[in-house]
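Data block below; observations after.
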Amino acid sequence: KKCKEKVAAELKSVEFFATTTDMWSSRTSEPYQSLTVHFIKEDFNLKARCLQAAYFPDDNTGENIAAGLREGLASWDLHEEKHVCITTDNASNMVMAARLNEWTRLQCFGHRLHLAIGKLSCCVCVCAQEKERFTNLQKSV
């Protein structure tokens, strides 16, 4: 309770803020929605506070996620008109949630990098296989 009061007091002086969110599952496959707020203090130090990792038993539709995010902000008395943007992965339900809330959405760089590396490693494997086939072809000629 003391921690929440301290964070709530800190957020009262925030002029503008951004958020990040993600959906994830516990080890026992229970669904959760995380919400983190990011802001710059008067001394120009960037701060981030995890506001919730809330149990989310509803279907992971864009509509339900959008409502969960609005409820999360409201529970901390954070007003949407001060919300600059939200960063999410590229899942269609996350894109839809930001669109429904009429929030500016940024794509998560880490997620995009992970996807790019996955595609690159696939290309490297294909190239290695083709090189091996070409080498074997040369040996047979």
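The values are calculated or read from the model by the stated rules, or taken from the named source; none is laboratory data. Every value quoted in this text rests on a predicted model; they were computed, and no experiment measured them. Cβ atoms come from the backbone with ideal geometry, glycine included; neighbour counts cover every protein chain shown. Ligands, DNA and RNA are stripped out before the accessible areas are found, and what is left, the full protein with its side chains, is counted by its heavy atoms. Shrake-Rupley method; radii C 1.70, N 1.55, O 1.52, S 1.80 Å.
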Problem set entry | Heavy atoms of SER13 accessible to a 1.4 Å probe, total area in Å² rounded to 10 | 60
For this session: Return the distance in nm (one decimal) between the two label points of a simple spin-label model at ASP43 and GLU102, each offset 7 Å from Cα along Cα→Cβ.
Result: 3.8
Exercise. For SER26 and GLU80 in one chain, what is 0.36 nm times their gap in residues minus the Cα-Cα distance, to one decimal in nm?
Worked result: 16.5 nm
